[in-house]
Amino acid sequence: MGLKTNVDTDSIQDRVGRKLPCFPEFLSSRFTLIFRISIRLNYCLYLVCWTCIAAAEETAPAGAALTLENLLEEAQRQNPGFLAEKAHTEELFSKNEAAERNQWPKLSLNGDVRNSAVEWRESRSSSAGVSLSQPIYQGGSLRLRRSIAELQLQQGTLQLRLRELALQLQVKSAYYDSLLFAAKLQEEEKALERVKQHSHNVGLFFEQGKVWRNDLLQADVKVARARKDLVSARNSVLTGRARINQLLGRDVDAPLELAGKLEWRDGGWKWEAIRRLALQDHPQVQSSRLGMELAERSVELAGSGLRPNLNFTGSYTRNYSEGALNAESASSSVGLSATWLLFDGSTRFEEQAALHAVRGARYRIRETEQGVLLQAKQAWLAVEEAGEQVGVLQKALEHAEENYQVNIVRYQEQLGTGNDVLDAEDLLKSTRLDWLGAIRDYWKSVAALESAVARPTSQWGEDVPAHP
């Protein structure tokens, strides 16, 4: 991992190494030497720290199979949509800083030069000055605007968290889909080998005159269809990897190897515990509550226009004139200015509009809470449903495997037909694919449940116990 830095050590050393005019020569040289050594030591420490950080950020060596954790970390570093949302949050941070700096004094310089001619006599005048202004009180609007900017920054941070949750859900879903596609590819390869073996057996029986030609034709058709299914499975694997590459901010054709496989593990979480967990720290609920605070601040801001304003101003100007009479003068002023708007017909309606916004924000909090609960309920039910399907299909798969073996033996003993073997093979493949699909659906539902409660299962702790 390359390390780039914008630190210019030469310029730093040049600035630090300049002689201080207030120091004697021998003190200045020693002072410069000490600081140059200090700068170099600090820079070396800087390089060591960033090298350690860079090494810690490396998720996996090049060409290694990526785990789900590797994919999530890389997606947060490189996904364009997430980085755009992160840039927006940084924009809100800058706006918050700007709102805070609005309370600082404002310093400005001014000057002008004029030439004039009266009765063929030329004269020149010039002036230069500096002015300072400091808002002291503006009806509370300065404080309110800063508070609003801080709340907007908090909302932006929560939106970034929501975007992170959405990205994690997309990556997890694509990961589990890719694992399913890889498992399906293996199953299609096994199915092709099974039907090819059956076609070979049918060919031997046909040569011995034990079966009709239609059995051989049916076996050949089955082999052709198995090859077609294998091509579709390979394309699905490539499509799944391209989807992951797109989420990681890579080129869709970039090489990608995934670690892991679909395995069944029951969580068994209770809905009452999930319900409590969903409303604790969910970013959507927090954002709606911040919206309520923003609306309340807007009510105060709407009424701040009818409060007095107090500003401090100071200026210093120096005038020069050249001509028949050379003159020079200076002027300075310091003062406080106060204004109070006593009536404005629009202020009352602006306050009413802000009050309506507060009422709407209060309703939206309730709506958001119910929406979060509904999302968590749907995900929890999907987890329960997928878990039951996995258990049912596990038993069905055991029976399908036994049924296939029985029909193979019956066909070899000429007690069954080729259609029985082909039907048993179809039943075995479809049952295995359904079982794998149910495991994939289970883990995707778990990922949706993690997104609904805004935290992974590893952080649920004892708050969400399993079924007894």
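Within the stretch 163-177, the only residue that satisfies the criterion of being farther than 30 Å from His88 by Cα and either modelled with pLDDT under 95 or aromatic (Phe, Trp, Tyr) (or both) is Tyr176. Of the residues making up the stretch 343-364, those that are among the small types (Gly, Ala, Ser) and under 10 Å from Ala302 (Cα atoms) are Ser346, Ala353, Ala354.
The listed residues are Ala242, Ala278, and the only one of them that is surrounded by 20 or more Cβ atoms within 10 Å (Cβ to Cβ), of a type outside the set (Val, Ile, Thr) and under 30 Å from Ser458 (Cα atoms) turns out to be Ala278. When residues in the stretch 79-91 are screened for being surrounded by 13 or more Cβ atoms within 10 Å (Cβ to Cβ) and either within 17 Å of Leu144 (Cβ to Cβ) or of a type in the set (Gly, Ala, Ser) (or both), 1 of them pass.
For every residue, the table says whether it meets (1) over 33 Å from the mean Cα position of the chain (by Cα); (2) outside any helix (DSSP H, G or I).
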{"position": "Gln414", "(1), (2)": "yes, yes"}
{"position": "Asp420", "(1), (2)": "yes, no"}
{"position": "Leu428", "(1), (2)": "yes, no"}
{"position": "Thr431", "(1), (2)": "yes, no"}
{"position": "Leu436", "(1), (2)": "no, no"}
{"position": "Ile439", "(1), (2)": "no, no"}
{"position": "Lys444", "(1), (2)": "no, no"}
{"position": "Glu450", "(1), (2)": "no, no"}
{"position": "Ser458", "(1), (2)": "no, no"}
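Scanning the stretch 207-222 for residues that are in a helix (DSSP H, G or I) and surrounded by fewer than 16 Cβ atoms within 10 Å (Cβ to Cβ) gives Glu207, Arg213, Asn214, Leu217, Asp220, Val221. Every condition in (1) assigned by TED's automatic domain parsing to the domain that holds Leu301; (2) touching a residue at least 12 places away in the same chain (Cβ under 8 Å); (3) not β-branched (Val, Ile, Thr) is met by Ala338 except one, and the failing one is (1).
The values are calculated or read from the model by the stated rules, or taken from the named source; none is laboratory data. Bear in mind that the values here come from a model prediction, so they are computed numbers and not experimental data. Cβ atoms come from the backbone with ideal geometry, glycine included; neighbour counts cover every protein chain shown.
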